[in-house]
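I have placed the structure first, in the form of structure tokens, so that the comments after it can refer back to it.
The values are calculated or read from the model by the stated rules, or taken from the named source; none is laboratory data. Model, not experiment: these values are computed from the prediction. Please note: Cβ atoms are built from the backbone with ideal geometry, for glycine as well, and neighbour counts cover all protein chains shown. The area values use the complete protein model at the heavy-atom level, side chains included, leaving out ligands, DNA and RNA. Shrake-Rupley method; radii C 1.70, N 1.55, O 1.52, S 1.80 Å.
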Amino acid sequence: MRIEIGQGSSVWFTPPNDKPREYIRGAVVKRNLITGPAAKDGGQGRAGYGFPVSDVEDWICTENEVSSNVVFGGDMSEMSCDPRHISIGPGPFIKAIPREGRGPKSSEFQHEFVEGPPARLIAIRPGAPRYQVFWPGQTALRIDDYIALQKI
């Protein structure tokens, strides 16, 4: 699956910068479980994004869960050729950064949500990524851990 429970228009496509976002209003997304196949069937599910949220208002997204047998990832290279629309990397709970008339308004979200720009998430492809974008809160390193970077 590319997107499990997408909420808001920017999750699906990237509107032009000069166009105002259309907000979806008044919904409750509560007590959902994203899970992978049973152990006897391979035991691991794969997804790009679990509960991504963009342009919503008066919205509640709480008490949702992701099973430990679901792995989030994928190839983001086809998502956007415009650097202004580089999206946040795959993950279970992602919401847009509220700014410049975009992102969630007057809404309630569970504490697991990480903020970042969700744009055109539907374009994520299965398979290993050719590159990865990390936004604040998406990765952590312990002392003596490292990430090898490649010059592009």
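How much accessible area does E65 have with a 1.4 Å probe, in Å² rounded to the nearest 10?
Surface open to solvent at E65 totals about 110 Å².
Sorted by accessible area (1.4 Å probe), largest first, how do V66, V53 line up?
The residues order as V66, V53, largest area first.
With a point put 7 Å past each Cα toward its Cβ, work out how far S68 is from S106 in nm, to one decimal.
4.1
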